[in-house]
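Written out below as structure tokens is the structure these notes cover.
No lab work stands behind these numbers, since they all come straight from the coordinates. Because the structure is predicted, anything quoted here is derived from the model rather than measured. Using ideal geometry, Cβ is built from the backbone for each residue, glycine included, and neighbour counts are taken over all protein chains shown.
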Amino acid sequence: MGSIKQGILGGFSGKVGTVVGATWKGIAYMRGIAVKPKNANTLSQQMQRAKFALSVKFLSKINPYIRYGYKNYMAKQTAGNVGLSYMMHNNCIIGEFPNYSIDFSALKVAIGQLKKAEAPTMALSSGTATCTWTDNSGNGNAQATDLAMVLLYNKDKAEAEYDIGNATRADATLSFSYPRNWTGDTIVAYISFMSDDGKLVAESDYLGEITC
């Protein structure tokens, strides 16, 4: 039961019917009691949960990469939560319920203000991924010492490989290994850069779909 402390026009504390009274920093306020929905499994809710589950499953596979890619937006949330918010609000989930899929071309696995890669390409051959780009050091805030961040995601096996920091912007190329059992699978690739002090990150570039 609620109690009135300052007369009938004053604030109150406790519950009165469907209203709860309380104070915060000396300010009296009221809020309604949350009402449990009669149907907690509507089509709209099923659709939202399906999109959520698909996004979480994908992001869990690339979490080590996005901890760098989303680092400037992680002050009050995890990299996974930043990525989930991006995917759910930027039309990255396509298709009709229940057959949703990810639009990898719309996805950003890194977000920031550092100068992006220029003319990046990706080639896969015999277990080796080779990414190239044009050295645009000195253009805007691009520095020769910026570290390349390359990501491969196997759509068929839901697996990821990445290389962070083993090449600089000035190197203009980076090669690393991927599993040989990826042969015949469809791979999507991304590139970004991070400043050598870790403070700045470039928005990622989607390098397309490639068959191993």
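Observations on the structure shown:
- Contact order for region 114-212, expressed relative to its length and based on alpha carbon pairs under 8 Å spaced 6+ residues apart, stands at 33 percent.
- Those trypsin sites (Lys or Arg not before Pro) in region 44-113 that DSSP places in a loop and that have at most 16 other beta carbons within 10 Å: Lys76
- Across all Cα pairs in region 43-211, the calculated P(r) in 10 Å bins from zero up to the longest distance comes to 10, 39, 34, 14, 3, 0 percent per bin.
- Alpha-carbon centroid distance for the pair region 38-70 / region 196-212, whole angstrom: 22 Å
- Modelled this way, with points 7 Å down the Cα-to-C-beta line, the labels at Asn41 and Lys155 are 3.2 nm from one another.
- The label-point distance for Asn166 and Ser125, in a model that sets each label 7 Å from Cα toward Cβ, rounds to 1.8 nm.
- Exceeding the 23 Å Cα-Cα cut-off - candidates Lys57/Lys115; Lys76/Lys108; Lys51/Lys199: Lys57/Lys115; Lys51/Lys199
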